[in-house]
Amino acid sequence: QLQLAESGGGLAQPGESLTLSCAASGSVLDSFTIGWFRQTPGKQREGVACIVDRSGVNVMYAATTKGRFTVSRNFARKTVELQMNSLKPEDTGVYYCATGKNVRARLTNIQSMCMEEDFTSWGQGTQVTVSS
């Protein structure tokens, strides 16, 4: 199994931006499906973004993050990044990246998102706090 590690979390004020990175030890993530998830106090872990193909054309976002978050591959750094703009206090939580094989998508009326149960390798998480 891949060992993933997230970085880039921290404290931001509402409206500010943060960029999270996901890297794999001993491997590159160029062709892996990578999902970003977050765990907020009192709520179930939720998917916020998912990048499926190497080119980054096939990406999915949660309804709560679409238009503000961007997931992309950084080939030079061998990472997958989550650019988070216009942060809100409700974005506070622990953010995880994960990968898996044959990841399926779940389609609802408001969003399409990679299915969490198909991810098999997870990072330890990085804390994001949005507060004034």
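Between ASN109, ASN85, ASN74, find the one with the highest GNM mean-square fluctuation for the chain; connect C-alpha pairs within less than 10 Å.
Result: ASN109 has the largest fluctuation of those listed.
Multiplying the sequence separation of SER131 and SER31 by 0.36 nm and subtracting their Cα-Cα distance, what value in nm do you get?
32.5 nm
Calculated FRET efficiency, SER72 and THR108, Cβ-Cβ r, R0 30 Å, to nearest 0.05?
0.80
Sorted by average packing, counted as other Cβ atoms within 10 angstrom per residue and highest first, what order do 35-45, 8-18 take?
Details: 35-45: 16.2, 8-18: 14.1.
Ranked by mean Cβ neighbours within 10 Å, highest first: 35-45, 8-18.
Given a 1.4 Å probe, how much area per residue of the range 1-73 is accessible, in Å²? Write down the numbers at each step before the final one.
Working: 3600 Å² over 73 residues.
On a per-residue basis, 49 Å².
Could you please state how large a percent of the accessible area of the range 37-132 is carbon and sulfur, counting protein chains only and using a 1.4 Å probe?
47 percent
For a test of the definition: using alpha carbon positions, the gyration tensor, and the 1.5 limit on a/c, classify the range 4-86 as rounded, prolate or oblate.
In terms of gyration-tensor shape, prolate.
The values are calculated or read from the model by the stated rules, or taken from the named source; none is laboratory data. Everything quoted here is computed from the prediction, not taken from an experiment. Quick reminder, even Gly has a Cβ in these numbers, built from the backbone with ideal geometry, and neighbours come from all protein chains shown. Please note that ligands, DNA and RNA were not included when accessible areas were found on the heavy atoms of the full protein model with its side chains. Shrake-Rupley method; radii C 1.70, N 1.55, O 1.52, S 1.80 Å.
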